[in-house]
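Novice: What follows is a single structure, and I will ask about it in a moment.
The values are calculated or read from the model by the stated rules, or taken from the named source; none is laboratory data. Keep in mind it's a predicted model, so treat the numbers as computed, not measured. Here the Cβ positions follow ideal geometry from the backbone for every residue, glycine too, while neighbour counts run over all protein chains shown.
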Amino acid sequence: MSVTNDKEWESVYSENGFFTRGLPGCSHNYFVSKIDDQIQIYNDPESVISFLQPIDSPSDALMVAFAQGYYFRYGDSTAGGIKYLGDKYQVIVLKLVEICVPVQIDKYLLEINSDGDIEILEIDIYEQDYGSCI
């Protein structure tokens, strides 16, 4: 979707997005850019990665992971981190993988290259809760 004036900018909204979550209500993420008076919505992993390419900063690498449904916890080095390796990044992130008995969050070590390709290097169970459902 492209919008071309500031009045329309104020009402930009997307019904779709990346990193969709459930409770307390279904929510999703997207972002919007304005380049040369053209407003563009980025609401899926492919468009986010295309916009960010080349992936050449820690924030780019984290946004690529986030667009694919991964997240990290601020201030918890066991559940989030990033390391620059010259032409790619390694990130430690979390992902909700099971939503009911058990609710399970896995920890991933990912490698993200400059094209935004993700390689899973390690997966470990981070948390399990056998007494609940989301």
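Novice: Here are some conditions: (1) assigned to a loop (DSSP other than H, G, I, E, B); (2) at pLDDT 90 or above. VAL91 meets all but one. Which one does it not meet?
Specialist: Unmet condition: (1).
The rows are residues; the columns are (1) more than 30 Å from VAL12 (Cα to Cα); (2) touching a Cys at 6+ places or on another chain (Cβ under 9 Å); (3) of a type in the set (A, V, I, L, M, F, W, C); (4) crowded, with 18+ Cβ neighbours inside 10 Å.
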position	(1), (2), (3), (4)
SER47	no, no, no, no
PRO54	no, no, no, no
VAL64	no, no, yes, yes
ALA67	no, no, yes, yes
LEU96	no, no, yes, no
ILE99	yes, yes, yes, no
SER114	no, no, no, no
ILE120	yes, no, yes, no
GLY131	yes, no, no, no
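Novice: Continuing with this model, one more query. Any chance you could count how many residues in segment 39-76 are aromatic (Phe, Trp, Tyr) and in a loop (DSSP other than H, G, I, E, B)?
Specialist: 3
Novice: Is it the case that segment 16-33 has a residue that's modelled with pLDDT under 95, aliphatic (A, V, I, L, M) and either more than 24 Å from ASP117 (Cα to Cα) or surrounded by fewer than 17 Cβ atoms within 10 Å (Cβ to Cβ) (or both)?
Specialist: Going through segment 16-33, the residues modelled with pLDDT under 95 turn out to be 16-33.
Next, only the ones that are aliphatic (A, V, I, L, M) stay: 23, 32.
Cutting the leftovers down to either more than 24 Å from ASP117 (Cα to Cα) or surrounded by fewer than 17 Cβ atoms within 10 Å (Cβ to Cβ) (or both) gives us 23, 32.
Scanning segment 16-33 turns up at least one residue that is modelled with pLDDT under 95, aliphatic (A, V, I, L, M) and either more than 24 Å from ASP117 (Cα to Cα) or surrounded by fewer than 17 Cβ atoms within 10 Å (Cβ to Cβ) (or both).
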